[in-house]
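Chemist: This structure is in structure tokens; I'll ask about it shortly.
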Amino acid sequence: MQKYTYLRKTFTFGGRRYEVRGKSEEEVFDKFIELLTNLRQGEEALTVDKWFRQWKATYKDPAGLTKKSLAIYDEKYNCYISPAIGEMPLKDVRDLHLQALLNTQA
């Protein structure tokens with residue numbers, strides 16, 4: 001019976017810990033690069049607009065709210081938030097952006 005030796009590499013990305021394993025350094029390195037690339041692409045792809053749609057579908061649509069209540073969320077988001085920061089990557093939104101948005105409402 002052959003005993004296999006696995007190598008592993010751990011790293012932190014976006015506050016989460018990840019691990020890749022392989023039978024050789026080359027395999028571990030290839031898996032590491034692939035995972036890191038996927039994480040970066042996924043992080044860059046999530047805009048405020050996409051996040052709002054996911055948030056609404058996850059928390060508000062199944063909550064049994066009336067069509068009128070759901071329409072109010074859409075109206076407020078589409079009129080105020082989306083034009084200002086909707087296309088920004090979520091990871092780039094800072095307190096300064098949110099405060100500037102609130103200041104326009106005063």
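Chemist: Condition first: hydrophobic (A, V, I, L, M, F, W, C) and in a helix (DSSP H, G or I). Now tell me which residues in segment 30-47 satisfy that.
Modeler: 32, 33, 35, 36, 39, 45
Chemist: From the residues in segment 77-91 that are among the hydrophobic types (A, V, I, L, M, F, W, C) and farther than 11 Å from residue 52 by Cα, which one is surrounded by the most Cβ atoms within 10 Å (Cβ to Cβ)? If you could, list the steps in order and put the result at the bottom.
Modeler: So the first thing to find is which residues in segment 77-91 are among the hydrophobic types (A, V, I, L, M, F, W, C), and the list is 79, 81, 84-85, 88, 90.
Filter again for farther than 11 Å from residue 52 by Cα, leaving 79, 84-85, 88.
Numbers: 79: 9, 84: 14, 85: 20, 88: 14.
The selected residue is 85.
Chemist: Of the residues 70, 35, 90, only one is within 19 Å of residue 15 (Cβ to Cβ) and touching a Lys or Arg at 6+ places or on another chain (Cβ under 9 Å); which?
Modeler: Selected residue: 90, the only one of 70, 35, 90 that is within 19 Å of residue 15 (Cβ to Cβ) and touching a Lys or Arg at 6+ places or on another chain (Cβ under 9 Å).
Chemist: Anything in segment 92-106 that is touching a residue at least 24 places away in the same chain (Cβ under 8 Å) and surrounded by fewer than 15 Cβ atoms within 10 Å (Cβ to Cβ)? List them, or say none.
Modeler: Once the filter is applied, which keeps residues that are touching a residue at least 24 places away in the same chain (Cβ under 8 Å) and surrounded by fewer than 15 Cβ atoms within 10 Å (Cβ to Cβ), segment 92-106 yields 104, 105.
Chemist: Here's something else I'd like to know. Six or more apart or on different chains, Cβ under 6 Å: which pairs go from a residue in segment 2-25 that's outside any strand (DSSP E or B) and at pLDDT below 90 to one that's surrounded by 10 or more Cβ atoms within 10 Å (Cβ to Cβ) and not acidic (Asp, Glu)? Could you list them?
Modeler: What qualifies is 6/21.
Chemist: So which pairs qualify, if the first residue must be in segment 45-62 and closer than 10 Å to residue 88 by Cα, the second must be assigned to a helix (DSSP H, G or I) and open to solvent by 90 Å² or more (accessible area, probe 1.4 Å), the Cβ gap must be under 9 Å, and the two must be at least 6 apart or on different chains?
Modeler: These pairs meet every condition: 46/54.
The values are calculated or read from the model by the stated rules, or taken from the named source; none is laboratory data. Here the structure is a predicted model, which is why all the values come from computation and not from measurement. Neighbour counts run over all protein chains shown; Cβ positions are idealised from the backbone, glycine included. The area values use the complete protein model at the heavy-atom level, side chains included, leaving out ligands, DNA and RNA. Shrake-Rupley method; radii C 1.70, N 1.55, O 1.52, S 1.80 Å.
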